[in-house]
Amino acid sequence: MSTAGPQALEDVLVVGTAGHIDHGKTSLVRALTGHDLDRLPEEQARGITIALGFTNLTLPSGRVASLVDVPGHERLVRTMIAGATGLDAVMLCVSAVEGVMPQTREHLAILQLLGVKRGLVALTMTDLVDEELVELAEMDVEETVEGTFLQGAPVLHTAAGPTPAGIGALIAAIDALPPAESRATDGPLRLPVDRAFVQRGFGTVVTGTMRTGSVADGDEVEVLPAGQRCRVRGLQVHGLARSASRAGLRTALNLAGIERDDLSRGHVVCRPGQLQTTSMIDVEVRTLDDACALESGTRVRVLAGTAETLAVFVPVHLDGTPLSAAPDGWAPGTSGLAQLRTDHPMVLLPGDRIILRRESPVTTLGGGVVLDPWAPRLRGRTRQAHAEALRQLQDGDRDVLLDRAGDLGLTADEARTRGTSQGIRLGDRCVHPSRVDRLTARLSEALSDWHDRNPLADGAPRRDLHGVALPHLPAPMFDALIQRLSEAGEVVLSGPRLRLSAFEVRLTPAQKRDVEAILTDISAVGPAAPRFVDVIKKNTDLVSLLLSRGELVRYGDLVSTPVVLDEVRARVASFLDAEGRMLPTDFKAMYGLSRKHAIPLLEWLDNIRLTVRDGDARVRRR
């Protein structure tokens, strides 16, 4: 965690080298900055770059170019791709001695697939050949970059030998590159780790280019896919100690609470609980024109950010062709949709770029853009719907991700992370409107069935309905759905019961006579109320209806009418106002009741909070 570095960090451009092995990338960085990035003993012994190198160049305008030097060997393309993560621009290095070589083309193709949009070409070692060979090399470069993001980019003649040449012009050309595109500083924190090491006096350090979000000294962070939490106890931005960093900046984090052995390239530093790993990814892919055919079921290497894993390639055919009838795969130069089923979890977001390489021999097949990093598994019976969803994602409809999240939807943080709308809020979840419509239809259908089976019931018990209609919804979501439908006038809430707004109990003339008889018989006996089991035995449906409407009141194992109970309450209140205390014998004498009828009534008076026990007596509750 060195403290040396540029002072101006307001305008930073992350520039990576690219090109064939021994084409002078590291020598050119040394000529530009005075720093030799080949520091490993093996690098110095073999004279080739093996690990990523990082240094800074303060440009004449005051801007900072953060230089990322990548290896050019064909066996180190994974390292090159890790270094190319988060680049704002590239400096493609081509030797005037050899001209364009295989890794020149592969690096350029990879950068194109990664979405790099700006850069320049450094024609190196021009001091070792005559002008004619320099011209031929330049023509070779111009032909190679035709149709790529480097078409029309400046080609600068340089030499990094004992007598450097063209370095000033190269610096000016870097300074003339457009500013870095704005990064999503309000997005989720994502720092793909390209290096992890222990530095004396600091402890565990990780470095990388911040993809999105921001981080500050003291923040709690999580390292995925390991899932370990730790704390930032110091950070640097482009080699300079800072209190915070943001998207687009080269960042080093000193992490407390995690060991170096628990970290490796490919891990991602993020905020706790904000991102999830994935192993099922829907992508839009283009294979290179010179790649081999890519068959369905082929195992491929997936490189994203600084991570790499093996995956199974499954094409998605837009016509919804069943799996059994699907073509075997893709020819070179094919663009289309596919699902990748990875061996190990990755941390991805929609819009991320990926590279696909053969499992063996390791060559680049193509690459593309992540459409849905949390995709449902592609199956034959849902293939057409799957393809249609991907078409919508291609058109920029991110709300497909909200629909694919299912009935449980997403949290507000997850919806923001995935770039979807907030949908419809059910409790603390965001749910796609079409999902809410389906939930509503299922609930309405279950409620309608309940009414058909229970025509004399004023409504279904909410909790019973929950278990029957939507058992997979958590209670807060179910309650929020009920409240939404109630406010819309589609259902009526009555205590613990629920009914469709269009439903009402319709009694036949005979049932109306039965109701009148039940109420008359119970009222006639006054406080000497009948037992509930005896009453409901006579007509279960009608008695249940009267109870739900409050026309009958059950207390203990007895049942009476509100008129009778109101009279009891008023008479007891008058007695207590006059006497202050009431013994059970006083109450029994008041109505000539037996203990069997008196005790349940006294307990009912306690429950409605008119009375409270004071020893053996009752007094008025204050």
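The values are calculated or read from the model by the stated rules, or taken from the named source; none is laboratory data. Worth saying up front: this structure is predicted, and the values here are computed from it rather than measured. So basically every Cβ, Gly included, is an ideal-geometry build from the backbone, and we count neighbours across all protein chains shown.
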Filter result (in contact (Cβ under 8 Å) with a residue 40 or more places away in the chain and assigned to a helix (DSSP H, G or I)) within region 439-458: LEU439, THR440, LEU443, SER444, LEU447, SER448, HIS451
What are the residues in region 245-277 that are without any contact (Cβ under 8 Å) to a residue 60 or more places away in the chain and under 24 Å from GLY16 (Cβ atoms), if any? SER245
Going residue by residue through region 356-367, is there one that turns out to be under 23 Å from the mean Cα position of the chain (by Cα) and not in a helix (DSSP H, G or I)? yes
Quick one: which residue in SER574, SER486, SER548 is farther than 30 Å from GLY467 by Cα, assigned to a helix (DSSP H, G or I) and either of a type in the set (Ser, Thr, Tyr) or not assigned by TED's automatic domain parsing to the domain that holds ASP452 (or both)? SER574
Can we say VAL559 is free of Cβ contacts under 8 Å to residues at least 12 places away in the same chain and surrounded by 12 or more Cβ atoms within 10 Å (Cβ to Cβ)? no
For SER434, all conditions in the list (1) assigned to a loop (DSSP other than H, G, I, E, B); (2) within 20 Å of GLN392 (Cα to Cα); (3) small (Gly, Ala, Ser) hold save one; what is the number of the exception? (1)
In this structure, does THR411 turn out to be within 18 Å of the chain's Cα centre (by Cα) and either more than 20 Å from LEU473 (Cβ to Cβ) or among the polar types (S, T, N, Q) (or both)? yes
For residues that are of a type in the set (Asp, Glu) and over 22 Å from VAL116 (Cα atoms), scanning just region 328-354, find the one that is modelled with the lowest pLDDT. ASP328
For GLY489, are the conditions met, namely being of a type in the set (Gly, Ala, Ser), surrounded by fewer than 21 Cβ atoms within 10 Å (Cβ to Cβ) and within 30 Å of ASP541 (Cα to Cα)? yes
Do we find that LEU465 is farther than 30 Å from LEU371 by Cα, outside any helix (DSSP H, G or I) and assigned by TED's automatic domain parsing to the domain that holds GLY495 in this structure? no
Pick from region 64-109 the residues that are of a type in the set (Val, Ile, Thr) and modelled with pLDDT of 90 or more: which of them is farthest from HIS35 (Cα to Cα)? VAL100
If the requirement is being within 28 Å of SER544 (Cβ to Cβ) and of a type outside the set (Gly, Ala, Ser), which of these qualifies: LEU456, LEU426, LEU408? LEU456
Test ALA405 against the stated conditions and say whether it is touching a residue at least 12 places away in the same chain (Cβ under 8 Å), of a type in the set (A, V, I, L, M, F, W, C) and within 28 Å of ALA307 (Cα to Cα). yes
So for region 191-198 (the condition being aromatic (Phe, Trp, Tyr), assigned to a loop (DSSP other than H, G, I, E, B) and surrounded by fewer than 19 Cβ atoms within 10 Å (Cβ to Cβ)), does at least one residue qualify? no
Counting just the residues of region 98-125 that are of a type in the set (A, V, I, L, M) and assigned to a loop (DSSP other than H, G, I, E, B), which one comes out surrounded by the fewest Cβ atoms within 10 Å (Cβ to Cβ)? MET101
Would you point out the residue of region 600-622, among those that are in contact (Cβ under 8 Å) with a residue 40 or more places away in the chain and not in a loop (DSSP other than H, G, I, E, B), that is nearest to ASP557 (Cα to Cα)? PRO600
Considering only residues of region 419-458 that are touching a helix residue (DSSP H, G or I) at 6+ places or on another chain (Cβ under 9 Å) and more than 21 Å from LEU473 (Cβ to Cβ), which is surrounded by the most Cβ atoms within 10 Å (Cβ to Cβ)? ASP458
What is the number of the single condition among (1) at pLDDT 95 or above; (2) of a type in the set (A, V, I, L, M); (3) within 30 Å of GLY419 (Cβ to Cβ); (4) not in a strand (DSSP E or B) that VAL232 does not meet? (4)
Of all residues in region 577-600, which are of a type in the set (A, V, I, L, M) and either in contact with a Leu (Cβ under 8 Å, 6 or more places away or on another chain) or farther than 15 Å from ALA617 by Cβ (or both)? MET582, LEU593
If you go through region 510-517 one residue at a time, do you hit one that is farther than 27 Å from ALA460 by Cβ, surrounded by 12 or more Cβ atoms within 10 Å (Cβ to Cβ) and touching a residue at least 24 places away in the same chain (Cβ under 8 Å)? no
